[in-house]
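The values are calculated or read from the model by the stated rules, or taken from the named source; none is laboratory data. On a predicted model such as this, the values are computed, not experimentally measured, just so you know. So basically every Cβ, Gly included, is an ideal-geometry build from the backbone, and we count neighbours across all protein chains shown.
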Amino acid sequence: MVVAEQIDAIRAPYEEALAEGRVSYQRCADCANAWLPPRGACPACLGEAWYWQRAKGSARLISWVVYHRAYDPSLEDRVPYPVLLIELSEGPRLIAGLEAGEDLASLRIEAELELRVDAEHRRVLARTTESNTEGEALPKEEEN
Amino acid sequence: MRGATVLAGIGHTAYGKLPGRDTLTLNVEACRNALADAGIEKDAVDAVFVKYPTSRFESMYGQRVAEALGLQPAIGGVWDQGGATNISMISFAAMAIAAGQCEVALVTAADNPRTGTRQAYERAWGDEYSRYGWFGTPGAYAMIARRHMEEFGTSVDQLGAVAVACRANGARNPDAHLRVAIGLDDHRESPLVVDPLRRDDCCLVSDGAAAVVVMSAERARSAGVAEPVPILGFGAGQTSWDVPQRPRLTESAARRSGAKAFEMAGLGPAEIDVAQIYDCFTIVVCLTLEDYGFCAKGEGGPFVEGGRIELGGELPINTSGGLLSETGMPGMQLVLEAVRQLRGTSTSQVPGAATCLVSNQGGIMHTHSTLIVGG
Ligand SMILES: [Zn+2]
């Protein structure tokens with residue numbers, strides 16, 4: 001079973017933003033460093049004068065995998081499914097999902113990505129902007 | 001420090017499925033065999049360093065092992081470094097001996113994930129990531145493998161070449177958990193676990209234990225240890241916990257760890273006769289060989305092709321089968337095989353081997369440690 005989520009005070013604003021359809025990250029007021037996952041102090045200067053910023057929703061693809069094995073019963077009906085490692089254009093890196101209908105075979109590292117939040121499941125989903133311009137079959141729902 | 005301490009004895013249990021054997025008993029069996037191999041009485045031991053069982057972390061586990069051994073050590077305990085723990089603890093034991101804090105150290109590791117729980121290898125990478133299905137050890141290594149394949153053109157068959165070499169060595173080792181040699185086609189056709197990694201890219205899950213006795217070269221001489229193997233160099237390196245936070249996915253802490261070990265040993269990659277490279281997943285061998293400087297960054301794929309890492313090749317690796325074939329145990333078996341190579345007793349012996357390099361690494365390449373032994 002998926003472990004019941006423990007959302008602590010540090011992470012709560014990040015989760016609330018996702019639930020409202022936004023990707024957010026922390027930025028340090030002292031040294032301008034930006035990061036995820038949420039934490040209590042800036043890992044660059046160790047200060048605690050940070051604030052939340054909304055990500056503009058663009059990223060690049062660092063790497064991706066496709067699970068053929070379900071490591072949890074809740075994933076059995078999802079295999080095979082992709083998992084992406086992405087870098088926001090603002091710098092922070094995170095794990096994300098791939099939009100339904102995206103062609104796995106066309107994924108390339110460093111590909112430009114456009115992000116959308118599946119607010120119901122608090123998931124960040126990506127699609128390649130190249131395939132948008134090529135006009136390939138994509139779900140038509142509008143982001144944000 | 002170079003050559004000041006030695007691996008005086010090695011011991012291990014059977015590897016594979018060992019129902020009914022708890023980790024304390026397995027540790028004791030491996031230590032008993034290592035002490036017998038060194039010809040050292042138990043009561044001479046004044047330090048006990050223990051790799052905690054990955055499958056079931058227990059607080060103060062090192063003291064439980066010392067108690068099971070009937071010892072009251074001066075120094076020791078458990079280091080939480082995953083698969084890098086064993087060489088890290090051997091290094092720490094060597095430093096403690098040099099600093100006069102102890103004289104004879106047992107370094108031991110046991111686990112029983114095969115008959116017990118494998119949960120430690122299969123859970124989600126944090127609550128936030130479970131919603132994406134980002135679970136388990138293979139997925140995290142697959143993320144590194146994909147980047148390496150895309151960035152440098154590393155191929156499925158190049159990963160396969162690592163599995164082929166390790167499985168051939170394992171097939172020659174009567175103690176190995178899996179004694180079935182494979183070809184590149186078998187590897188290619190083995191089922192995808194987490195694409196791009198296939199079943200035959202992934203290490204075994206095995207029960208068992210292995211231990212070494214560490215002491216000063218001087219003490220080994222006076223105690224009449226039959227076949228001490230000198231420690232020439234060691235080093236360590238560490239990086240982020242979260243894989244997404246890694247500065248560069250295709251570079252590991254082996255770079256820093258290896259550079260320090262080579263510096264201490266006064267050797268370079270060209271002077272290594274045989275290597276035991278931590279092979280929890282095939283891709284790790286390619287990355288580690290690059291980071292150690294056996295080849296340039298990105299050339300690990302071509303390097304492992306064409307039999308270069310097989311017995312009889314330019315750099316034979318994992319001559320007892322490694323994690324892919326001898327036992328999935330995280331790392332100590334590689335140290336034992338280095339000792340056998342230097343003694344000339346490996347089942348895949350490299351003729352005249354005078355230097356052996358061993359890599360250990362933990363987590364998802366979070367931690368790294370390197371050991372160089374030689375005559
Ligand atoms: Zn800062």
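Scanning for something more than 11 Å from the chain's Cα centre (by Cα), within 22 Å of B:THR137 (Cβ to Cβ) and modelled with pLDDT of 95 or more, does segment A:84-103 turn up at least one residue?
Residues of segment A:84-103 more than 11 Å from the chain's Cα centre (by Cα): A:89-91, A:99-103.
Imposing the further condition that a residue be within 22 Å of B:THR137 (Cβ to Cβ) reduces the set to none.
No, segment A:84-103 has no match at all.
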(request) Determine whether segment A:22-39 contains at least one residue that is modelled with pLDDT of 95 or more, polar (S, T, N, Q) and either more than 20 Å from the chain's Cα centre (by Cα) or not in a strand (DSSP E or B) (or both). (result) yes
(request) Considering each of B:VAL350, B:VAL358, B:VAL339 in turn, give the residue that is part of a loop (DSSP other than H, G, I, E, B), assigned by TED's automatic domain parsing to the domain that holds B:ASP157 and modelled with pLDDT of 95 or more. (result) B:VAL350
(request) Return the total of residues in segment B:317-375 being more than 30 Å from B:ASP242 (Cβ to Cβ) and in contact with a Ser or Thr (Cβ under 6 Å, 6 or more places away or on another chain). (result) 7
(message) Can you name every one of the helices (runs of 4 or more DSSP H) wholly within segment B:47-157 that holds 1 or more residues which are among the basic types (Lys, Arg)?
(response) B:61-68, B:137-152
(message) Taking the condition of being surrounded by 18 or more Cβ atoms within 10 Å (Cβ to Cβ) and over 30 Å from B:ARG146 (Cα atoms), how many residues in segment B:235-265 meet it?
(response) 2
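Table: residues versus (1) within 23 Å of the chain's Cα centre (by Cα); (2) among the hydroxyl-bearing types (Ser, Thr, Tyr); (3) modelled with pLDDT of 95 or more.
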{"residue": "B:GLN119", "(1), (2), (3)": "yes, no, no"}
{"residue": "B:SER155", "(1), (2), (3)": "no, yes, yes"}
{"residue": "B:VAL164", "(1), (2), (3)": "yes, no, yes"}
{"residue": "B:ARG167", "(1), (2), (3)": "yes, no, yes"}
(request) Six or more apart or on different chains, Cβ under 9 Å: which pairs go from a residue in segment A:29-49 that's away from chain B (no Cβ under 14 Å) and over 14 Å from A:ARG93 (Cα atoms) to one that's more than 7 Å from the ligand (Cβ to nearest atom) and hydroxyl-bearing (Ser, Thr, Tyr)? Could you list them? (result) A:ALA29/A:TYR51
(message) Can you tell me which residue is farthest from the other protein chains (Cβ to nearest Cβ) among those in segment A:15-28 that are away from the ligand (no atom under 16 Å from the Cβ) and within 11 Å of A:GLN53 (Cβ to Cβ)?
(response) A:ARG22
(message) Just checking, does segment A:64-81 include any residue being at the interface with chain B (Cβ under 8 Å from one of its Cβ atoms), within 14 Å of the chain's Cα centre (by Cα) and assigned to a strand (DSSP E or B)?
(response) yes
